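One structure below.
The values are calculated or read from the model by the stated rules, or taken from the named source; none is laboratory data. Given the structure is predicted, the values throughout are model-derived calculations rather than measurements. Every residue, glycine as well, gets a Cβ built from its backbone with ideal geometry; the counts of neighbours run over all protein chains shown. We work out accessible area using only protein heavy atoms, side chains counted, and drop any ligands, DNA or RNA first. Shrake-Rupley method; radii C 1.70, N 1.55, O 1.52, S 1.80 Å.
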Amino acid sequence: QAVPQNRGWPWDFLFPDQRRDDQTEPQEREFRNQGLGSGVIVRKINNTYYILTNEHVVGKANEIVVVLNDGQEYKATLIGGDPRMDLAMVSFESSEDYPIAELGDSEKLEVGDWVIAVGSPFGFVSSVTAGIVSAKGRSGPQNNISDFIQTDAAINRGNSGGALVNIYGEVVGINTWIAAPTGGSVGLGFAIPINNAKRAITDFIEKGEIEYGWLGVSVMDIIPG
């Protein structure tokens, strides 16, 4: 049975063991996916800026690029990440003077307070949306230990890691996830309270990870007195 000389689909499938002398083995191709998220500059030490974001935004990235509001791009380094809180920190070096976010007190938030979500939904850089605090103390996705601020401010893909701020411009939360059966905002956005993240900022910078306390428990038989 003759094998056609214009090898290719479907002939390679039909005749897998018959190859021309000049045919080489197929090479594996490398595929790279680009992700998008947001972040908040929370500290500066000398010329190093530190950005707080979500772990699911940068935790598995091979290469991180920070794009600032003025369009400047910087190669960033992952300082540390914590999947239990879904928080991470990256840093970049610059001699430019960029503003540092002012952190508020998320404990003072009340249901009905106005809040603003800042981020890059679907790649629309530096977008803001407004809404109110819908609820506090919401539980989140499985294995996440944070309690969440619920807001009806529009939050979409790309907002993750961005700031939730109050009317005074103080960061009160880190936008993290949405309940969206359709894939877009339906008014159910959730943010990590900034008070939950304040100690994490110091831990990331000083230790590269969030340090948890632990409670030891032992089991023993009870002897009747």
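Listed here are the residues, each with its yes/no results for (1) of a type in the set (Phe, Trp, Tyr); (2) under 23 Å from residue 210 (Cα atoms); (3) open to solvent by 60 Å² or more (accessible area, probe 1.4 Å); (4) in contact (Cβ under 8 Å) with a residue 40 or more places away in the chain.
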| site | (1), (2), (3), (4) |
| --- | --- |
| 78 | no, yes, yes, no |
| 86 | no, yes, no, yes |
| 100 | no, yes, yes, yes |
| 114 | yes, no, yes, yes |
| 117 | no, no, no, yes |
| 120 | no, no, no, yes |
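Take the stretch 90-112 and flag every residue that is within 29 Å of residue 132 (Cβ to Cβ), among the aliphatic types (A, V, I, L, M) and within 20 Å of the chain's Cα centre (by Cα).
Within the stretch 90-112, 100, 101, 103 meet the criteria.
I'd like the full set of residues that are without any contact (Cβ under 8 Å) to a residue 60 or more places away in the chain and either assigned to a loop (DSSP other than H, G, I, E, B) or of a type outside the set (A, V, I, L, M, F, W, C) (or both), limited to the stretch 186-196.
186, 187, 188
Which one of these does residue 143 not meet: (1) open to solvent by less than 60 Å² (accessible area, probe 1.4 Å); (2) polar (S, T, N, Q); (3) within 16 Å of the chain's Cα centre (by Cα)?
Unmet condition: (1).
Just one of 189, 208, 169, 162 is crowded, with 21+ Cβ neighbours inside 10 Å, within 23 Å of residue 66 (Cα to Cα) and either at pLDDT 95 or above or not hydroxyl-bearing (Ser, Thr, Tyr) (or both); which is it?
162
Working only within the stretch 111-131, note down all residues that are under 9 Å from residue 158 (Cβ atoms) and part of a strand (DSSP E or B).
119, 127
Identify, from the list 159, 143, the residue that is on the phi > 0 side of the Ramachandran plot, assigned to a loop (DSSP other than H, G, I, E, B) and touching a residue at least 60 places away in the same chain (Cβ under 8 Å).
Just one listed residue meets the conditions, 143.
When residues of the stretch 21-66 are filtered for being surrounded by 15 or more Cβ atoms within 10 Å (Cβ to Cβ) and either modelled with pLDDT under 95 or within 20 Å of residue 119 (Cα to Cα) (or both), how many remain?
Within the stretch 21-66, residues that are surrounded by 15 or more Cβ atoms within 10 Å (Cβ to Cβ) and either modelled with pLDDT under 95 or within 20 Å of residue 119 (Cα to Cα) (or both) number 22.
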